[in-house]
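The values are calculated or read from the model by the stated rules, or taken from the named source; none is laboratory data. Values in this document were obtained by computation on a predicted structure and should not be read as measured data. Here the Cβ positions follow ideal geometry from the backbone for every residue, glycine too, while neighbour counts run over all protein chains shown. For the accessible areas, the whole protein counts, side chains as well, though only heavy atoms, and no ligand, DNA or RNA atoms are used. Shrake-Rupley method; radii C 1.70, N 1.55, O 1.52, S 1.80 Å.
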Amino acid sequence: MAAIPGLGGGVPQDINITGRLGVNFRCSDEMRASAFLLTSLGVLGISANILLMVTICFRRSFKSWSYGLLFHQGLVDLARSAILIPLGQSIYACRPMTKCSLIETTFLLLVTVSTVNLLSVVLNAAPIIPEEDDEDLSNLMKDNPQCMAFGLFMIWFASVTVNLGPTFLSGALAANADTVMEEPSCPLVQGPYRHYVLNAIWIFINSLSIMLTMYHLHKLYKDSTRTSMESMRINRLYSANGGPDSQDLIVVSPSKGLHVERQMMQIEEEGINQVKMFVIITLAYLIFWGPLFVVTLANISTDWKDVKSSVAHEVSLHVSFVHAIINPLLFLLLHKDLRASF
């Protein structure tokens, strides 16, 4: 990972250090500034996601297993941020890193897991209609740990299959296993262990997950604001008491009709609030990851070394690192139950 030009300011002071593999590394003040930036982003990301996970753990009641998915989201984003710290330390100390292929593959896998996890959270946010008029809505929204475990398994299984499958089948890792880096740290996205097709597949997978997220958000909004839901539910509840005639319903049990109406209004309000929260979180994903996707796809015929050292790639890559900080903060600020914990 190259330093962003101009971060250090002043006249760079070059330092030549010979690594353990006999490679002569050239480090400068600009790279030291980049190391400080990477380490700061890593620490801030870890802190923000720890705050999210601690807030979830100290909640007295969990309304649904989506809390487990939110905890998992924080854990994955924390791991993404933690990868930046050894990269920053490598640049600051001007020393090489081993297993760059493993570090890059792990980072890209965690990005895919985070994206698929967001899709799973949205899928789990569908409105729940009580079967009986006296059922408590909060009890209905509770789930069992088996569902959460199966959901997490499917998230990781899908992410590993679609992310690592093309990587191993293409033979990119094996073909460049003996590559020796000529600078400290490890390249991410643009490096010797990947090529344009692999990056295009990775971007397509994440973009597809985001498009499915937006599609299900649209469905969730329609389900939450469907006015016919209330009338159908009332007819189903009281057909046994007074028949489907609306006049009989009012005469027989007006209080029950008001109770069902309040439940429907509560479901609609909670559904719309959830849609607003997820729309903002999805837009944040597009803002922070969209530039890197565009820059990567635009460099179709350029050598990876030239792309990696370009200002556009370095700036968009560092912008994408900020997403691991913003994502947990958005959940803490926009999620009603998590916000109420403070």
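If each of Met265 and Ala298 carries a label point 7 Å out from its Cα toward its Cβ, how far apart are those two points in nm?
5.1 nm
Test of understanding: what is the full-extension gain from Asn273 to Lys336, defined as 0.36 nm times their sequence separation minus their Cα-Cα distance?
21.8 nm
Give the accessible area for Met214 in Å² (nearest 10); use a 1.4 Å probe, count only protein heavy atoms, and leave out ligands, DNA and RNA.
Approximately 80 Å² for this residue.
Can you give the accessible area of Lys276, probe radius 1.4 Å, in Å² rounded to 10?
So the heavy atoms of Lys276 present about 120 Å² to solvent.
Determine the order of Leu164, Leu283 by accessible area, beginning with the largest, at a probe radius of 1.4 Å.
Output order, biggest surface exposure first: Leu283, Leu164.
Could you give the length gained on full extension between Phe36 and Ala312, defined as 0.36 nm per residue of separation minus the Cα-Cα distance, in nm?
97.4 nm
Can you sort Lys99, Lys219 by solvent-accessible area, 1.4 Å probe, largest first?
The ranking, largest first, comes out as Lys99, Lys219.
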